[in-house]
């Protein structure tokens, strides 16, 4: 469209004209073209002359969709004679009202009407005029002032059919022009000043326009990118994906937000990442005209996100390590727990080597000077099949002992206590290996190796730091496990040293016993406990059976158990009744936790503040005394589980022995229960570890134990094994002590018993009876010694005792002689002077017998001595030489 130069450009308001200069420039072309068209129409030229353009409908989205242009004509009389529909829309006045109106009077303010009339006369005189004119629209209701407006008017003189002067007016709404001006300025600012890459892509998926930011990234000026496609910027697979997305946006109108695109910029091999937002752009009529592309470089953000993800992954790995490593106080298990955490989450292969010296119990780690000491491979894990981890020279088997050469990276890591990166072998599967020394308390305990295979991401500085932290955590746990193993073994040695060695033997009893430390069934070490059992031989072929349990675990409980066991043995030698033994043991237990013993503990109990400072030792115990001659057993119980008795042909039952209070509580007496045991009966004493656990109630365990004792005639060793195997699900958390005894009473022919009157002749009768009994037992070598000692004991009973005298000989593994009387005064051995006529009897008994002593009985006392049976090895002391040695 050719331009028509303005004949005159004026404005009634210069400031308004300046503000709309930009819009006026755009409207000028339009108004002049419309003026020509309107002029031709007003002149009556309904047809077209030679060379005139052919007017056609504008395509959708043309400028006329945005700019509101109206026209009207003025007749020779200066009044409106034609009024367009667009004029009705702009001014809000219908044609029937507008035709015949004076435009100056109707639209111009009164102050400007004079000037307006002069301009109208000039126009009708043949002058063109253009300018911005404020106007007010008449009130549609006809009453009062209407709305104010601003119009750019282009007035062109013309003539009507009669040749009279007239005028055609082209009017543009200035408010619309200003809106377009603002929109264009905003669009230009957003597109040109955006810090993001901005593209306008047409419907052929070609760049229609690019901003400076996009051009600064991909080179050249914005105009250089016109007509290019996505394949000019992205590699083919990525470009195909983006092209498909562009077509989908163009077809559906669905926006795409934060689509990630990867590519390269010119002259750079760095991989770049962008976040792309796409949305379809429409014309004023709603026709799709292209796609807006808004791109943001997120390479740094992606790198930061990867770093953050790696940090979160490492933190999660550390949290998992804290939760999973160190749950077991076992060296090999702790090493395997470390590998369970790192494979495959951190590496593809891993191994742990520990110093052989530490595993064997050495106090200090050997070979720290050069790092070449022997190590044992205790754990290995691989996420890759058939990928053995090599040691010094070749594949290393689990459990093998090896060492690293002095100049190897692994030896250097051990020597310097710093991690080393070991490159993989050429052609091998491993890409790189981190050799990380395991340091605990400034001591290197071993070496952890983490390897990644080819194709995995290589180790970085962050990975190295994480590996050091993981190895350090595992090292502390392994060192703790090593220290615990050492202390546990020491405590276990102490505990076992306090138990009876080997298989105990007793007169009239067949005995079998078992002791299992806690968790022995699961193979995991635990703290030692305070369980113990004991078999104590008493005078007169009697036997004390003891089973006890100190509450608590650890070395403290084991030491307390040792003290109580020693006290029980001491009290048993005094030949006290079972209830008396437990009463004395209760006093001892109360004094274990107080430095001053039981008296200090009693005073502390009266003062609450001091009582808090005293340790409390509680224990349960069953003490039983069995007499092989009478086959009677006397029980006393201090809070322990009841003994179990199985009689031949009968079901097992728990004996009703009053439990009493545990040892260490104090203040309560203990009761005794006497039970006669038939020949062949089975008696079982045990601790709670056999029948109680977290998963099974005590009653269930007791019933299972009683049910396991089905056949007491089997060998006792088999019975013990059967019980432990049957109750395997009921134990393992606590120590187990099991003591079983089968009754084998002393035969009547092995007992000689005589009542002697209280008269001097009884001494001779006693010697005769003893001689005859020994000869019948074919113990002639013991006759002389036995006669002499029996004579001494009966003489003392006559001299110092009271009441009737009883002589009893018992034959079992040894020969025991007992002399009973009703006197309460205990014999006391003393050293006689050379001038004394007596006082050497008990000295003689001590010289000639293997053991001797006295004990209280319910009706007096018993003095006894014991002689070993002649077996060809023991040599008896000659009585004559013994007598001479006293002088």
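Look at residue 444 and say whether it is touching a residue at least 12 places away in the same chain (Cβ under 8 Å) and crowded, with 21+ Cβ neighbours inside 10 Å. So residue 444 fits the description; yes. Here residue 259 fulfils each of the conditions (1) over 29 Å from residue 67 (Cα atoms); (2) touching a residue at least 24 places away in the same chain (Cβ under 8 Å); (3) part of a strand (DSSP E or B) apart from (2).
Quick grid of which residues meet (1) touching a helix residue (DSSP H, G or I) at 6+ places or on another chain (Cβ under 7 Å); (2) over 30 Å from residue 625 (Cα atoms):
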| position | (1), (2) |
| --- | --- |
| 747 | no, no |
| 750 | no, no |
| 759 | no, yes |
| 784 | yes, yes |
| 791 | yes, no |
| 796 | yes, no |
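No other residue among 763, 719 is assigned by TED's automatic domain parsing to the domain that holds residue 791 and either touching a residue at least 40 places away in the same chain (Cβ under 8 Å) or surrounded by 15 or more Cβ atoms within 10 Å (Cβ to Cβ) (or both) apart from 763.
Only residues that are surrounded by fewer than 14 Cβ atoms within 10 Å (Cβ to Cβ) and in contact with a strand residue (DSSP E or B) (Cβ under 7 Å, 6 or more places away or on another chain) were counted across region 227-264, and they come to 8.
Residue-level analysis places residue 683 among those that are part of a strand (DSSP E or B) and either crowded, with 21+ Cβ neighbours inside 10 Å or not assigned by TED's automatic domain parsing to the domain that holds residue 738 (or both). Would you mind stating whether residue 164 is loosely packed, with under 15 Cβ neighbours inside 10 Å, over 30 Å from residue 268 (Cα atoms) and either in contact (Cβ under 8 Å) with a residue 24 or more places away in the chain or touching a helix residue (DSSP H, G or I) at 6+ places or on another chain (Cβ under 8 Å) (or both)? Criteria met by residue 164.
So that you can scan it fast, the table gives a plain yes or no per residue for (1) crowded, with 22+ Cβ neighbours inside 10 Å; (2) out of contact with any strand residue (DSSP E or B) (no Cβ under 7 Å at 6 or more places or on another chain); (3) modelled with pLDDT under 80; (4) in the same structural domain as residue 478 (by TED's automatic domain parsing):
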| position | (1), (2), (3), (4) |
| --- | --- |
| 336 | no, no, no, no |
| 359 | no, no, yes, yes |
| 364 | no, yes, yes, yes |
| 371 | yes, yes, yes, yes |
| 375 | yes, no, no, yes |
| 378 | no, no, no, yes |
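Scanning region 741-754 turns up one or more residues that are in a helix (DSSP H, G or I) and in contact with a strand residue (DSSP E or B) (Cβ under 9 Å, 6 or more places away or on another chain). Could you go through region 609-618 and let me know if any residue there is buried (at least 22 other Cβ atoms within 10 Å of the Cβ), modelled with pLDDT under 90 and under 25 Å from residue 552 (Cβ atoms). Yes. Being assigned by TED's automatic domain parsing to the domain that holds residue 93 and touching a helix residue (DSSP H, G or I) at 6+ places or on another chain (Cβ under 6 Å) is a property that residue 174 lacks.
In this entry, residue 270 passes the filter for residues that are surrounded by fewer than 14 Cβ atoms within 10 Å (Cβ to Cβ) and either outside the structural domain of residue 67 (by TED's automatic domain parsing) or modelled with pLDDT under 90 (or both).
Taken over region 89-102, residues that are modelled with pLDDT under 85 and either under 60 Å from the mean Cα position of the chain (by Cα) or in a helix (DSSP H, G or I) (or both) amount to 3.
Here residue 722 meets the list (1) in contact with a strand residue (DSSP E or B) (Cβ under 9 Å, 6 or more places away or on another chain); (2) closer than 28 Å to residue 544 by Cα; (3) part of a helix (DSSP H, G or I) almost entirely, failing just condition (1).
The values are calculated or read from the model by the stated rules, or taken from the named source; none is laboratory data. Remember, predicted model here, so these are calculated numbers, not experimental data. All Cβ positions, glycine included, derive from the backbone under ideal geometry; neighbour counts span all protein chains shown.
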